[in-house]
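First up is the structure itself, then whatever we jot down about it.
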Amino acid sequence: MTDNRLILASANPDSTPLSTLGGVSGLIAALQDYQFIGKAIDEGLPLHYHSGPKIMNCISLVGCSPVYALTDSSDEPAGIVSFSPVYSEMQFIYGANTMTPKCTQCHQTMGSWKNLLPEPLAVCNVMSGDIECEHCAQSNSLRSLRFRREAVVGRFFINIHGIYPREAVPMDDFLSFLQRFIGGSLNYFYCQGQ
Ligand SMILES: [Zn+2]
């Protein structure tokens, strides 16, 4: 099973997300009114929701032959939106698709960068994952590495499941709507499970 995610998070990972307007539950209620999401999925998956009838007004499919499956008919999660809790400290998420990062000092690729990290899509504290370069022994913090859109640092994440890397982007209107709740501008990322 591959879990392909479009992940939305604060553009500024240092910001405190969802400190107003009712927190996560307030955001979820607003997104149900917006019809971005529908009912909760009642299968022991907290903070997982079916996609709503207007989700395609919120994301735009791009690329050659993108298909967004609105139902979870295969063994790949799709038609599902999930929310993380608000973490007290910054967390890091990467995917099986994440490019090998380069050392900030010697600029060589660090092939062993994942050795001490959990599996793709698992959340880990960004401070716990300093990566020692195998070429020059520089200690690189996860925050200092460049992952483009293939890994994310933040304290709150919205996961849109069933989106392959770069096959959809969030619409500007939708990001503006979210921004009122999140309390700052958002960015988007693509991470795949194994
Ligand atoms: Zn190095």
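The numbers here are math on the coordinates, done by the rules we state, and not lab data. On a predicted model such as this, the values are computed, not experimentally measured, just so you know. Every residue, glycine as well, gets a Cβ built from its backbone with ideal geometry; the counts of neighbours run over all protein chains shown.
Here are some notes:
- Taking the chain and dividing mean pair separation by its residue count, relative contact order in percent (alpha carbons under 8 Å, at least six apart): 39 percent
- Summed residue charge, Cβ within 12 Å of D14's Cβ, Lys/Arg positive, Asp/Glu negative: +1
- Backbone N under 12 Å from the Q108 label point (7 Å along Cα→Cβ), restricted to the stretch 118-137: 133-137
- Sequence-distant lysines (8 or more away, or on other chains) whose Cα lies within less than 22 Å of K54: K39
- A simple spin-label model places the labels of Q179 and L116 3.7 nm from each other, with each point 7 Å out along Cα-to-Cβ.
- log10 of Debye I(q)/I(0), alpha-carbon scatterers only, for the stretch 4-123 at 0.11, 0.17 Å⁻¹: -0.51, -1.10
- With at most 16 neighbouring Cβ atoms within 10 Å, loop GluC sites (Glu not before Pro) (DSSP) excluded, longest segment of the chain: 135-194
- If R0 equals 25 Å, the separation of the Cβ atoms of V123 and S25 corresponds to a calculated FRET efficiency of about 0.80.
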